[in-house]
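A.B. asks: Would you mind keeping the following structure in view while I ask a few things?
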Amino acid sequence: MSKEMLDTLLSRRTVREYTDRKIEKEDLDKILEAGMRASNCGNMQLYSTIVTRKQENKDALCKLHFGQPMVKNADVVLTVCADVNRFHKYCEIRNAKPSYNNFLWFQVSTIDATICSQAMVTAAETLGIGACYLGTVTYMAKPIAELLNLPKHVVPVTTITLGYPATMPELTERLPLEAVVHDEQYQDYTSEDLERLYEDFEKLPQIQKYIKESKQENLAKVFTEVRYPEKDSLTFSKAYMDFAKEQDMM
Ligand SMILES: Cc1cc2nc3c(=O)[nH]c(=O)nc-3n(C[C@H](O)[C@H](O)[C@H](O)COP(=O)(O)O)c2cc1C
């Protein structure tokens with residue numbers, strides 16, 4: 001890996017505000033090719049990417065992403081899908097019996113789609129293009145799939161907005177490396193470990209501001225009470241699972 005590539009990875013941040021500058025077709029093609037080059041299970045490429053550039057289609061998608069403005073303001077919106085449809089049909093025309101409509105292959109195709117997505121994001125960032133993932137695609141998978149004309153055996157996994165950065169946000173902090181890396185075997189966290197690992201993180205001015213604005217007593221409560229409350233998690237979990245079943249992916 002080149003030093004520049006490592007610098008890109010270590011200094012990247014999510015970009016949510018974009019200029020009007022268009023992404024050249026050849027740059028977009030390179031980004032999409034970087035996704036295709038990524039490792040994938042059995043080289044079956046169990047993913048598909050829907051490219052949205054027309055403003056009316058971005059506006060329609062934006063509504064389904066709960067109005068997150070980067071969807072309509074980005075030059076390009078990518079919806080990356082777990083896709084066993086193409087391979088299933090390929091097996092059928094070659095008189096081979098497909099059996100990819102089960103949880104294992106839903107998981108594998110989701111991993112394929114995720115790795116492909118991250119390769120595209122890294123390629124975009126290497127070209128100076130900003131990117132933002134949108135998890136709202138999983139909450140609204142069914143209406144988004146309808147809008148994008150996704151057939152059976154295809155489920156959206158993530159959405160990525162792309163555009164040249166209008167503003168460069170500050171680098172967000174992370175927990176210390178020891179919080180997420182385990183030597184040889186998993187060392188479960190004691191309360192003391194958690195106090196130590198989260199101590200500096202919780203003290204950060206950006207986190208303190210976030211807690212105050214959310215009117216909560218600590219960061220954990222911001223997540224459980226405001227950001228991802230149980231009721232929403234259960235509702236969206238059911239909707240996604242039901243849709244995956246409807247698509248014959250489970
Ligand atoms: C699965 C996933 C879903 C995300 N969903 C959203 C989203 O809906 N809206 C948004 O503004 N950012 C979203 N993000 C971006 C994260 O908020 C962001 O990566 C995180 O806060 C860390 O910031 P950084 O990427 O600038 O380091 C998502 C990222 C991932 C990986």
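The values are calculated or read from the model by the stated rules, or taken from the named source; none is laboratory data. From a predicted model like this one, the values you see are computed outputs, not experimental measurements. Quick reminder, even Gly has a Cβ in these numbers, built from the backbone with ideal geometry, and neighbours come from all protein chains shown.
A.B. asks: Against the conditions (1) at pLDDT 95 or above; (2) surrounded by 12 or more Cβ atoms within 10 Å (Cβ to Cβ), where does Tyr210 fall short? Just the number, please.
C.D. replies: (1)
A.B. asks: Same structure again: If Glu146 satisfies every condition in (1) within 23 Å of Leu234 (Cα to Cα); (2) touching a helix residue (DSSP H, G or I) at 6+ places or on another chain (Cβ under 8 Å) but one, which is the exception?
C.D. replies: (2)
A.B. asks: Within the range 4-48, track down each residue that is within 16 Å of the ligand (Cβ to nearest atom), surrounded by 13 or more Cβ atoms within 10 Å (Cβ to Cβ) and either modelled with pLDDT under 95 or assigned to a strand (DSSP E or B) (or both).
C.D. replies: Thr8, Tyr18, Tyr47
A.B. asks: Where residues in the range 223-250 are of a type in the set (Val, Ile, Thr) and out of contact with any Asp or Glu (no Cβ under 9 Å at 6 or more places or on another chain), which of them is surrounded by the most Cβ atoms within 10 Å (Cβ to Cβ)?
C.D. replies: Here is the first cut: in the range 223-250, the ones of a type in the set (Val, Ile, Thr) are 224, 226, 235.
Now narrow it down to the ones that are out of contact with any Asp or Glu (no Cβ under 9 Å at 6 or more places or on another chain): 226, 235.
Values: Val226: 14, Thr235: 12.
This residue is Val226.
A.B. asks: Right, here's the next one. Residues Gly67, Gly130: which one is over 15 Å from Val157 (Cβ atoms) and surrounded by 22 or more Cβ atoms within 10 Å (Cβ to Cβ)?
C.D. replies: Gly130
A.B. asks: Taking only pairs six or more apart or across chains, which ones have beta-carbon atoms under 8 Å, a first residue in the range 40-51 that is under 13 Å from Thr110 (Cβ atoms), and a second residue that is surrounded by fewer than 18 Cβ atoms within 10 Å (Cβ to Cβ) and not charged (D, E, K, R)?
C.D. replies: Once the first residue is under 13 Å from Thr110 (Cβ atoms) and sits in the range 40-51, its partners that are surrounded by fewer than 18 Cβ atoms within 10 Å (Cβ to Cβ) and not charged (D, E, K, R) give Asn40/Ile115; Cys41/Ile111.
A.B. asks: Let me ask something else about it. Got a sec? Which of Gln55, Gln118 is closer than 26 Å to Ala34 by Cα and surrounded by fewer than 16 Cβ atoms within 10 Å (Cβ to Cβ)?
C.D. replies: Exactly one of Gln55, Gln118 is closer than 26 Å to Ala34 by Cα and surrounded by fewer than 16 Cβ atoms within 10 Å (Cβ to Cβ), namely Gln55.
A.B. asks: Which of the residues that make up the range 164-192 are within 19 Å of the chain's Cα centre (by Cα) and at positive phi?
C.D. replies: none
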